[in-house]
Structure formats: C-alpha cells, structure tokens
C-alpha cells in the first residue's frame with residue numbers, strides 16, 4: 001500500500017525538513033511506499049497541494065495519508081472533522097505521527113476530536129489576545145494596518161508547488177502541480 005505524506009509550513013522562511021524526516025523514517029520502518037506532498041506559504045483559503053491530495057485520495061490513489069501533526073492538515077476543527085469523516089467513509093486511513101493518532105479506530109477518533117477541541121480553543125485565545133492588543137494600540141492613537149502601497153511590490157507565487165515520489169530504492173521523482 002502506498003501512503004500520501006502531507007507536510008506544510010505557513011511561511012517561506014520555515015522549513016519542511018523536520019516533518020519530512022520524521023515521517024520518512026516512520027514509513028521506512030513500517031515498510032510503506034509513500035509520496036510526499038509539500039505545501040509552503042499557505043493560507044486558510046489557498047492550499048492547492050492539499051486540494052490536489054484530497055482529489056487523489058478520493059480517486060483511491062493512496063490507502064491513507066500521514067501528517068506530522070493534526071494542525072498541519074487542517075486549520076479549523078470544522079475542516080478537520082469534515083475531512084476525517086469523508087476519509088473514514090471512504091476507508092482511507094489517517095495517521096497523525098506526532099499526536100500518535102491512528103484515526104482508523106474508535107479510540108483514535110475520540111482522541112482526535114478531543115485534541116481538535118483544545119486546538120480550536122488555543123486558536124480562539126490567540127485571536128482574542130490579538131484583538132485586545134489591536135484595540136489597545138488604537139486607543140493609544142497608533143495607526144493600524146500596513147502602509148499604503150506595500151502590497152503592490154510583493155511578488156506572489158502562482159506556481160512552484162510540487163510533489164515528490166520517493167520509491168522503494170530511494171530514487172526521487174518530482175512533479176509540478
């Protein structure tokens with residue numbers, strides 16, 4: 001069985017190597033073939049590599065997906081629950097390596113949902129603190145937002161996403177999306 005490995009970082013400055021190394025080692029210990037899907041500089045609404053992977057999972061190209069942590073797969077509780085429900089209904093395995101969760105069992109599903117609730121709680125606390133800080137800065141007369149025209153000069157990446165097949169003999173093949 002071949003597994004899909006999904007690794008993601010939010011900014012170009014962050015590095016995927018740690019996630020890839022741990023998951024690659026795990027797959028090799030298990031004797032699994034795998035394909036790595038890498039996503040960098042993603043936002044909540046634009047994750048083309050994840051969408052491509054979901055399409056491949058729906059087409060039964062892989063028997064399962066492995067992520068480093070649950071928050072690398074989904075940015076909200078609702079998104080995670082919907083994706084996991086779909087995968088469960090289609091008999092697609094979901095493994096979160098660092099959270100030590102195998103979503104194929106009842107206890108794994110329950111534990112995942114508990115982790116999701118706390119992750120959503122943490123995200124809401126961060127949001128509340130951010131809004132409070134913005135309100136305090138505004139009350140102090142500090143101008144908020146980016147300077148006018150600062151976004152105009154930024155080069156946006158429209159392509160450059162790729163996936164890497166890692167075969168049994170450790171030869172790599174890369175495909176652009």
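What follows is calculated from the coordinates using simple rules that are stated; it is not laboratory data. Bear in mind that the values here come from a model prediction, so they are computed numbers and not experimental data. Cβ coordinates were reconstructed from backbone atoms using ideal geometry, including for glycine residues, and neighbour counts include every protein chain displayed.
Below are the figures for this structure:
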quantity: Whether the stretch 1-121 is rounded, prolate or oblate, judged on the alpha carbon gyration tensor where a/c under 1.5 counts as rounded; calculated: rounded
quantity: Taking 37, 6, 26 and counting other C-beta atoms within 10 Å, the order from fewest to most; calculated: 26, 37, 6
quantity: Residues 92, 114, 66 arranged by fewest to most Cβ contacts within 10 Å; calculated: 114, 92, 66
quantity: Length-normalised contact order for the stretch 1-87 - Cα pairs under 8 Å, 6+ apart - percent; calculated: 42 percent
quantity: Prolate/oblate/rounded label for the stretch 64-147 (Cα gyration tensor, a/c 1.5); calculated: prolate
quantity: Proxy reagent accessibility, fewest Cβ within 10 Å first, across 62, 121, 94, 111; calculated: 121, 111, 62, 94
quantity: Relative contact order (%) - criterion: Cα under 8 Å, at least six apart; region: the stretch 13-147; calculated: 16 percent
